[in-house]
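A quick write-up on the structure given underneath.
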Amino acid sequence: MTTIAILRLAGALLLAGAAGAASAEAPFSFATTPGKLPKDIIPLQYAAHLVPDLALHTFLGSETVELEVRAPTARIVLNAAELDIDAASLSGKGWSETALTPVFERARQTVSFTLARPLAPGRYSLALKFHGRISREPRGLYYVDYQADGVSKTMLSTEMEPSDARRLLPCWDEPAFRARFKLVVDLPGSFHAYSNTPVEKTEALEKGWQRVSFGLTPLMPSYLMVLVAGELERSSVKQDGVDIGLVTTAGKQGSAAYTLGAAKDLLHYYNNYFGLAYPLPKLDHIAVPGGFGGAMENWGGIVYSEGTILVDPKKSPERVRQRAFQITAHETAHQWFGNLVTNAWWDNLWLNEGFASWMASKATHHFNPEWRTWMHGAGSREAVLALDARKTSHAIQSPVASEEQAADAFDAITYGKGQAFLQMLEAYLGEDSFRKGVRAYLARHQYSNATSADLWAALEAASGKPVARIASDWTTQPGYPVLKVEQVCENGKRRVTLTQEQFRLDEPATEGRLWSVPVQVGVVNGKAYYSLLEGARTTVLQPNCEGALVVDPWSVGYFRVQYDRASFDALASQAGKLPDPTRLKLLGDAWAMVAADRMELAAYLRLADKFSQEPRMAVWDTLLSSLLNLDALAAGQDERALVRNYIVKLVTPKLAQLGWDEKAGDTVEERQLRSDLASALARVGDPAAIAQGRARFARMLADPAAVTPASLDFTMYVAGRYADAPTYQALLGLLQKAQSTEERERYGRALAQALDPALAAHTLGAALQPDLAPMVANAIVPSVARSEHIDQAWAFAVANRAALMKNQDALGVNHVFPSIVSSSTELRHAELLEAYVKENFGADAQAEAHSVAAGIRIRAKQKASLLPQLRAALATPAPSAP
């Protein structure tokens, strides 16, 4: 699953972690895989029939489950949540049809049937009749209310991951229990329905209804089931014998062409890369309006929030196109990594998500090299590195004991660190060896489950390198190292000493952790060679002392680099001439050294001065992220004027070079960079930027075509951020008239960014509107809080806690209150959060609260350290750079 509002930047589990590498994980074994359900009975095939009541938001269901009893047992245990069983019976070997009595353990989300005598090993059939509810929030089967040409409509969709299939069917709802599914559903005659497999037949029923029967699925875990039904339209293409569809609500197919073309290209690319053809006859990409925050990789029927994949060819900015491609690439990669081969249990979730994130970047770069996807990925990695430098971080692979913990495992460590580690590992092993290992892994475990150990074994066999030893360090312990670099020139040769220690932003690390670090060492614009740093220190010899020393020149390492002063100065002196990834790595690591109190802020600002004509947007994003962080630390303090003046002086020359208006021949990157720089200036209160944004918004109100797609984000930011009452009402009017989710999201973001507290109060109130989609409502309160209204948003959330919690899906329940204060720099907010969550929420919510509180304490510490340095560095002219 991919969520777009946040890849939750907080750890799900608190792990102290042992010193050094943890013990090696075992290959997949069904018998020893974690889970609550007994393994003496396994489901082979479900035949289910559902009858929804759209008016009452309930459904009736029946199913027959073919079972295999593997060992004698007198008890059948499976999962069920918010379901009631109306009848149950068992038949099979030595058993005529026998009525059973269900016993629910609601807290454990299980139902059991105790038998008069044990079942002998063999095949049986369990028949069930049941009923349940259709949810408003995306858990199990849920409904979506939306508008089409001013008419209210309702559609149905499902969201099962990680453990909500049990809300649709009584089932063995753990990923190791793979089975086949055959679904039948009764629906209004105006509905079109989509599931994992194509429709086999449709039968007319009374009162204008229809019965839709789908084909049999492959063996798969229950969380990959899907059902979407409504007044839908579909366009399609064929690729490699597969029918690829793009499904939308009526009237939106005009925005489907771009993603449909991308889906076609991606399927062929993955067929070739993985060496295994996509195995289902069709693959639908289904756009759901509102109600769902991101995408879910259901096998054969991927469900997306429509704002993530619909691209208006005339109105959508390039960012929308890029997001659509990348999220489609991510979810399509899951059809192999996650669906064809599934993580055995949720502690190995990163096998699904980290790999899909890495593969999506690889595919996106292949098709769109001008987007510089790897560069932007390195910039995004900075946020994950900051998170992973906290004491409260967790390992990529961490024990998961409950469904609630499984939901919390969908976080930035799982996705972002998992992706970053795979990128580092591929660079070390080589593309060909890595691909050979991935192919062997998929071929061996297809239609089954796996652990990380299975992947490491395949990669090690393909490369001949110690993958398991390296990977264990990076996946079973939290954090990462900083490599301290020292060099001396002796007898005409350069001796480079690399020393590793754990990098932390809060308290010093005492666990003594070490990593097996594959690291490239070379010279600028020259060759670099790999060394494997396996202990605390190693030495690398270079044949001469010519050129500037550089470590990790291609920015593929998941670690920080701290150069000695002479080495840093040598790189900084030629910053503008360094290769793109080297510049990015130098800048990101330099800020990290400042944040950890390992480098003076003045040295970083002298380095930043050299980037005033920087051409790459990824480098600007990293630079501006650090400077705007300083701006946030200085909020309410005299030093804020200093840092804002510095940002304006740094950014203005580059924006002047680009110009305020688009020119013929502008590259995609230049158009996007212009918008980013203008938005940064507006954020720090630059009058010229604010005036430009307001003028564009006025023109837009008169003529929507007067503002180009590339300048929409900047225009909306200024309009929302500095809105007065008339401007706010104008934005509200645009929101109410918007025809697409993309537009509604754009206007909604603008409204949530208002600095005026009275307008912020109005926006907060919208979160309680009963007709607002849950995922939209969930984004409002934290968005307003991040717009410098933390206390106001917190008070609102406390007063309306019950209403806000009703909107949450499985992944959101523990993040509501932490997300409100996540941008704070004040210690009182850390204490407020921890106390409130402890008093009002269960044990599984505490880890997220502690992680966010740790981030607040880090920023408070940085504020105390960096604001005096700001005064010293910026109150008087800085000395000229060496």
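The values are calculated or read from the model by the stated rules, or taken from the named source; none is laboratory data. The structure displayed is predicted, hence computed values, not measured ones. Reconstructed Cβ throughout: ideal geometry from the backbone, glycine too, with neighbour counts over all protein chains shown. Just the protein is used for accessible areas: all its heavy atoms, side chains included, with ligands, DNA and RNA removed. Shrake-Rupley method; radii C 1.70, N 1.55, O 1.52, S 1.80 Å.
Details
- Counting 0.36 nm for each residue step from residue 761 to residue 691 and taking away their Cα separation leaves a gain of 22.7 nm.
- Using a Förster distance of 56 Å, the FRET efficiency for residue 805-residue 432 (Cβ separation, nearest 0.05): 0.65
- Span-like helix ranges in the chain, DSSP H, alpha carbon extent 30 angstrom or more, Kyte mean at least 1.6: none
- Three-way shape label, region 730-882, alpha-carbon gyration tensor, a/c 1.5: oblate
- Separation of alpha-carbon centers, region 238-252 and region 545-609, rounded to whole Å: 47 Å
- Computed accessible area, residue 451, all protein chains, 1.4 angstrom probe, square angstrom: 10 Å²
- Estimated inter-spin distance, residue 84 and residue 44, nm [label 7 Å along Cα→Cβ]: 3.4 nm
- In Å², nearest 10: area of residue 77 left accessible to a 1.4 Å probe: 20 Å²
- When log10 I(q)/I(0) by the Debye sum over Cα atoms at q = 0.06 Å⁻¹ is calculated for this entry, the matching label among (i) -0.56; (ii) -0.46; (iii) -0.41 is (iii).
- Cysteine residues of the chain whose Cβ has no partner cysteine Cβ closer than 4.7 Å: 171.
- Accessible surface ranking that places the most exposed of 265, 589, 661, 40 first, with a 1.4 angstrom probe: 661, 265, 40, 589
- Extension gain, residue 613 back to residue 569 (0.36 nm per residue minus Cα-Cα distance, nm): 13.9 nm
- Ranked by how many other beta carbons lie within 10 Å on average, peptides 59-65, 733-739, 846-852 from highest: 846-852, 59-65, 733-739
- The GluC sites (Glu not before Pro) of region 763-840 include none that meets both conditions, a loop assignment by DSSP and at most 13 other Cβ atoms within 10 Å of the site Cβ.
- When the square roots of the Cα gyration tensor eigenvalues are ordered a ≥ b ≥ c, the ratio a/c for region 199-280 is 1.5 or more and a/b does not exceed b/c, which makes its shape oblate.
- Packing here is the average count of other Cβ atoms within 10 Å per residue, and on that basis the peptides 455-465, 742-752, 647-657, highest first, run 742-752, 455-465, 647-657.
- When 493, 314 are compared by accessible surface with a 1.4 Å probe, the order from highest to lowest is 314, 493.
- Legend: residues 282, 182, 806, sorted from most to least accessible area (1.4 Å probe; ligands, DNA and RNA excluded), read 806, 182, 282.
- Of all accessible heavy-atom area on region 745-882, the percent that carbon and sulfur account for (1.4 Å): 60 percent
- In the assembled protein chains, residue 366 presents an accessible area of approximately 110 Å² (probe radius 1.4 Å).
- Lysines with Cα under 17 Å of residue 649, excluding same-chain neighbours fewer than 8 positions away: 610
- Separation of the residue 537 and residue 491 label points, Cα + 7 Å toward Cβ, nm: 2.0 nm
- Alpha-carbon centroids, region 499-519 and region 628-707: separation in whole Å: 38 Å
- Rounded, prolate or oblate (a/c below 1.5 giving rounded, otherwise prolate when a/b exceeds b/c) for region 231-374 by Cα gyration tensor: rounded
- Packing here is the average count of other Cβ atoms within 10 Å per residue, and on that basis the peptides 324-332, 717-725, highest first, run 324-332, 717-725.
- Taking 0.36 nm per residue of sequence separation and removing the Cα-Cα distance, the residue 529/residue 36 pair yields an extension gain of 172.7 nm.
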